[in-house]
Amino acid sequence: MQNELRVIIRNNHDFDGITEEIITQLEHNFSLTRTIVYDCGDTCRARKENVEYRPYKFISNHNCIEFENDFGCIDPDILEKMLPYKSMAMAIMMRECHYDIYERAYLETVYYRHLKYWSNTIVSERINCMINLSYPHHCGEFILYALCKVMGIKIVLLYPRLVCDGTIYSIGNSIETMGENVEKIYTNLVKENEVKKLSPYMDEFVNKIVCRKRANITSKKDNELVNEIENLLCNFSSPRNIRKLFKQYIKSKYSPQYSEIRKYSQEGAERRLKLGIKAYKTERKMDHIGDYDRYSTRPDLSAKYIYYPLQLTPEASSMPAAGEFKNQLLAIEILSSLSQKYGYSIYVKEHWVQPHRERGFYKRLNSIPGVVLIDREVNTIELTKNSLAVATLTGTCIIEALVLRKNAIVFGKGHCLKGAPNIVEVSNLQQLDIEVEKIMNGEKLIEKQDVVLYLNALQQGTVFLYTDALEEAGSYYQKQESAKRIIEYMINGV
């Protein structure tokens, strides 16, 4: 007899019905009695009678009128079990305006409000599975994810890894185990020594790296691309958005449409307007890309160096995937602790789309012994090819280094290329010392066959999707096959 399934699905800006395809396949494999979809946008896809669609605001907003309902108290046992996740949940709340400018008391209020809503939803709806077609990187969905972990509820997460005519998503049942199914496939392929021809999209990706065409978008961005991104992504502190927030405040104060929830809507609009003004003032005092350029220099590619490309912050790849290493200075300081012993430099390059960092960041970064800030116009692939190794938290540079047969020193457990033959996971300084010595002595060579085998494993163990309006469905994308792989993972796990 089929197992009863009561599921929450967080979809991912899908415009072709991948969510409905997943639901259809769930119905074929389980007794699906309840489905709640937190919907990321208005679409034209068919609606199923037994599926409830709730708006995306529950996932991303600090507050909704629905959160004001009386959900009672929170189970003290749940409060205790959620403590390891509370700090990250509150840090993720910064994504509302990208800056840490909130009072702690306010963030705690938001945290408990979400905790009550999501715990009540799980209990009252008797949810026993959560499928997140993105990654838990907004406050609501991260708290939902953490609750599912502590309550023993089945989890399926997807994480975008590389883009090539669509997006390849890793799959896992937690942030820490993301990509472990690929590691298992790779281990079996190594035992069988079975090398298969790469798929056209993987071939294309590899060729771009080998030909040094990938990562040619530098930090001094292409005008057309940056305009597209700025139009699609809301700049909370921009004068244009502050004007928009002011208009919303006036509307909430006088418009008849808010008559029944006047006090609630006006309080929210006033808070966001004040936050926008505060963010604008904060941003003007931050380190901007011009501050980075004053410290940066052209690199000596013949020198001994480890290449560290900074990751975008705040973003899912750093919060929550990198854990405490979301503060990237920590990882760079650890690398620095061995730089004098082994005589290497640390070449650090800013992410091409990062507009600014907290005040003093670049000065502190530049003062770390052994660190050299690299001109943003230098090609990332060129820096990787000539390095001793790359170092990162969770970045795409891991797979770029793999293709170029370079070792990748990885901090934390949030990366999703588990088992890759070039990965050196860092858990303590003693281990890093041993691994760096091997790299310096040329002992950690990566065989071409192992690279191809791992790329084969990636093909077999990942899900091919497209993300949102920034891209279109590629010619290799098939929603039935993608949904099938997600359901197979649910059934078979790692």
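Worth pointing out:
- Yes/no for Val190 being touching a residue at least 12 places away in the same chain (Cβ under 8 Å), surrounded by fewer than 20 Cβ atoms within 10 Å (Cβ to Cβ), assigned to a helix (DSSP H, G or I) and in contact with a helix residue (DSSP H, G or I) (Cβ under 7 Å, 6 or more places away or on another chain): yes
- Taking helices (runs of 4 or more DSSP H) as the structural unit, no element lying wholly within region 1-120 holds at least 2 residues that are out of contact with any helix residue (DSSP H, G or I) (no Cβ under 8 Å at 6 or more places or on another chain), over 19 Å from Asn132 (Cα atoms) and open to solvent by less than 50 Å² (accessible area, probe 1.4 Å).
- Residues considered: Lys448, Lys438. Of these, the only one that is open to solvent by 10 Å² or more (accessible area, probe 1.4 Å), of a type in the set (Lys, Arg) and either in contact (Cβ under 8 Å) with a residue 12 or more places away in the chain or under 16 Å from Glu180 (Cα atoms) (or both) is Lys448.
- Considering region 458-478, the residues that are among the aliphatic types (A, V, I, L, M) and either closer than 30 Å to Val190 by Cβ or open to solvent by less than 30 Å² (accessible area, probe 1.4 Å) (or both) include one that is modelled with the highest pLDDT, namely Leu458.
- Total residues in region 263-291 satisfying the condition of being basic (Lys, Arg) and either at positive phi or surrounded by 15 or more Cβ atoms within 10 Å (Cβ to Cβ) (or both): the figure is 3.
- Residue within region 354-362 that is in contact with a His (Cβ under 8 Å, 6 or more places away or on another chain) and over 30 Å from Leu458 (Cα atoms) present: yes
- Residue match in region 413-423 (condition: under 16 Å from Pro299 (Cβ atoms), more than 19 Å from the chain's Cα centre (by Cα) and in contact (Cβ under 8 Å) with a residue 24 or more places away in the chain): no
- Take the conditions (1) under 23 Å from the mean Cα position of the chain (by Cα); (2) open to solvent by 40 Å² or more (accessible area, probe 1.4 Å); (3) hydrophobic (A, V, I, L, M, F, W, C); Ala321 misses just one of them, which is (2).
- Selection status of Glu324, closer than 23 Å to Glu176 by Cβ, acidic (Asp, Glu) and not in a loop (DSSP other than H, G, I, E, B): yes
- Subset of region 337-348 that is in a loop (DSSP other than H, G, I, E, B) and open to solvent by 40 Å² or more (accessible area, probe 1.4 Å) - its residue that is farthest from Arg284 (Cα to Cα): Gly343
The rows are residues; the columns are (1) hydroxyl-bearing (Ser, Thr, Tyr); (2) open to solvent by 40 Å² or more (accessible area, probe 1.4 Å); (3) within 16 Å of Lys413 (Cα to Cα).
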residue: Asp293; (1), (2), (3): no, yes, no
residue: Pro299; (1), (2), (3): no, no, no
residue: Pro314; (1), (2), (3): no, no, no
residue: Gln328; (1), (2), (3): no, no, yes
residue: Ala331; (1), (2), (3): no, no, yes
residue: Leu335; (1), (2), (3): no, no, no
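- Every pair of residues 6+ apart whose Cβ atoms lie under 7 Å, when the first sits in region 62-88 and is free of Cβ contacts under 8 Å to residues at least 12 places away in the same chain while the second is open to solvent by 90 Å² or more (accessible area, probe 1.4 Å): none
- Filtered residues of region 352-410 (kept if assigned to a loop (DSSP other than H, G, I, E, B) and closer than 18 Å to Gln340 by Cα): Ile368, Pro369, Gly370, Ser387, Leu388
- Residues that are of a type outside the set (Ser, Thr, Tyr), out of contact with any Phe, Trp or Tyr (no Cβ under 9 Å at 6 or more places or on another chain), surrounded by 17 or more Cβ atoms within 10 Å (Cβ to Cβ) and under 30 Å from Arg359 (Cβ atoms) are absent from region 166-181.
- Residue count for region 349-371, restricted to those that are over 23 Å from the mean Cα position of the chain (by Cα) and surrounded by fewer than 18 Cβ atoms within 10 Å (Cβ to Cβ): 8
The values are calculated or read from the model by the stated rules, or taken from the named source; none is laboratory data. In this text, all values refer to a predicted model and were calculated from it rather than measured experimentally. Neighbour counts are summed over all protein chains in view; Cβ atoms, including those assigned to glycine, are modelled from backbone coordinates with ideal geometry. Heavy atoms of the whole protein, side chains included, go into the accessibility calculation; ligands, DNA and RNA do not. Shrake-Rupley method; radii C 1.70, N 1.55, O 1.52, S 1.80 Å.
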